[in-house]
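Where a number appears in this text, it was derived from the coordinates with a stated rule and is not lab data. Just so you know, these numbers come straight off a predicted model, no measurement behind them. Cβ placement follows ideal geometry from the backbone for every residue including glycine, while neighbour counts extend to all protein chains displayed.
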Amino acid sequence: MRTPVSILVVVDHGKGIAGYLGKAIWLARQCRASLELFLCEAEQAYELSHQYDREGVERARAACVSAAKAYLGELKASLNAPDVEISIAAQCESPLYEGIVHEVLRKRSDLVIKRVAAADGRFHGGADANDWQLMCTCPATLMLVRSRSWNVSPRFAAAVDVSEGETGLAGNVLEAARMLAEGWRAQLDVIYSEAAGASPVQAHLDELRRLCDARRIPSERTHVLNGDPESTLPAFTAQRDYDVLVLGALAHRPAGAVQPGALTSKLVEALDCDFVLVKPPGYRSPVGER
């Protein structure tokens with residue numbers, strides 16, 4: 001992941017948005033990146049899709065977008081960030097994740113920041129269906145945030161897999177973690193768990209050290225666990241109270257299918273921290289441009 005120059009922030013109508021946007025503004029300042037506040041009115045788009053008066057639908061869609069832009073304009077004016085370039089954009093499109101991906105493709109965003117929306121509509125707990133789809137289809141690095149405040153000295157961690165030749169993805173994860181941690185002046189740990197449950201394979205440890213040395217991550221910040229990562233990582237990361245966990249977004253399945261890995265799913269469900277989900281090299285979204 002390169003240092004972002006264009007950050008897309010998915011805005012919603014929920015409460016507590018100030019703290020969420022504060023994280024985005026801080027990152028934009030550190031990276032000297034621009035911010036786009038983007039609101040996709042997916043629920044209204046879904047309702048309009050069941051109407052038969054096409055001319056009336058288009059008028060309603062235009063009014064919906066106009067109202068969304070007015071809301072974003074007020075939100076932008078309320079932010080105390082004159083040093084950050086901030087733009088606004090709105091769409092009336094359903095489902096939500098496709099609307100977000102289409103905007104990312106239009107604007108070539110480097111990073112997407114979105115609040116985790118639970119299945120019950122609240123902004124804590126496990127992710128909802130749109131967030132899971134976004135993990136699969138977002139072409140940019142995706143940061144899913146919750147409402148909890150960070151520690152005064154933020155704690156970042158990168159969970160990597162070097163056991164199956166996934167050097168490209170592991171390198172991307174470490175690069176994203178290093179860049180974000182430096183931007184926030186945060187402590188960064190690296191975690192690897194040997195799935196076999198026996199003593200770690202020396203070749204894997206050597207590869208991990210090589211990747212960390214290339215990014216100047218000291219050995220004392222590297223943690224090697226024994227056991228299936230799906231079992232070891234949730235407990236380890238919860239105990240250490242990380243603010244942000246960076247990891248690969250997808251698991252490759254037979255016949256070329258990709259989906260959020262079991263580890264990603266368990267961690268998102270179990271932990272109350274923010275997540276940065278990194279795609280493998282050469283990833284292309286199955287959602288096309290509009």
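Among V244, V287, V57, V5, which comes first, then next, by fewest other beta-carbon atoms within 10 Å? It would help to have the intermediate numbers written out before the result.
Working: V244 23, V287 20, V57 17, V5 14.
With the sparsest Cβ surroundings first, the list reads V5, V57, V287, V244.
With +1 on the Cβ of every Lys and Arg and -1 on the Cβ of every Asp and Glu, and nothing else charged, how large is the dipole of the chain about its Cα centre, in debye rounded to the nearest 20? Before the final figure, lay out each step's value.
Working: 32 positive and 37 negative charges, 152 e Å.
That gives the chain a dipole magnitude of about 740 debye.
Quick one: order S94, S231 by neighbouring beta-carbon count within 10 Å, fewest to most. Don't jump to the answer; show the numbers that get you there.
Numbers: S94 19, S231 15.
So the residues, fewest neighbours to most, are S231, S94.
Restricting the count to DSSP beta bridges whose residues both fall in the range 155-278, what percent are antiparallel, rounded to a multiple of 5? Working shown, then result.
Numbers: 3 of 21 bridges.
Looking only at bridges with both residues in the range 155-278, the antiparallel portion is about 15 percent.
I want the antiparallel fraction of DSSP beta bridges within the chain, as a percent rounded to 5. Please report the intermediate quantities before stating the final value.
Details: 6 of 43 bridges.
Restricted to the chain, the bridges split so that about 15 percent are antiparallel.
Give me S66, S163 ranked fewest to most by other Cβ atoms within 10 Å of their Cβ, as a rough exposure proxy. Please report the intermediate quantities before stating the final value.
Working: S66 12, S163 19.
Fewest to most other Cβ atoms nearby, the residues stand as S66, S163.
Hey, if you put +1 on the Cβ of every Lys and Arg and -1 on every Asp and Glu Cβ in the range 6-145, which of L144, W132, L27 ends up farthest toward the positive end of that dipole?
It is L27, whose Cα lies furthest towards the positive end.
Taking amide H atoms as placed 1.01 Å from N in the peptide plane, list the residues 5 or more away in sequence, or in a different chain, whose amide H sits under 5 Å from that of E41.
Amide H neighbours of E41: Q91, C92, E93.
Past 21 Å, Cα to Cα: identify those pairs from K15/K114; K114/K279; K114/K266; K69/K279; K15/K69, in the order given.
On the way: K15/K114 14 Å; K114/K279 16 Å; K114/K266 19 Å; K69/K279 31 Å; K15/K69 18 Å.
As for pairs spanning more than 21 Å Cα to Cα, those are K69/K279.
Could you tally the net charge around V145, taking each other residue with its Cβ under 13 Å from the Cβ of V145, Lys/Arg +1 and Asp/Glu -1?
0
Given +1 on the Cβ of Lys and Arg, -1 on the Cβ of Asp and Glu, and no further charges, what dipole in debye does the range 155-278 carry about its Cα centre, rounded to the nearest 20?
The calculated dipole for the range 155-278 is roughly 260 debye.
Would you grab the residues whose amide H sits under 5 Å from the one on V246? Only those 5+ places off in sequence or on another chain, please, with H modelled 1.01 Å from N.
A157, A158, A159, V276
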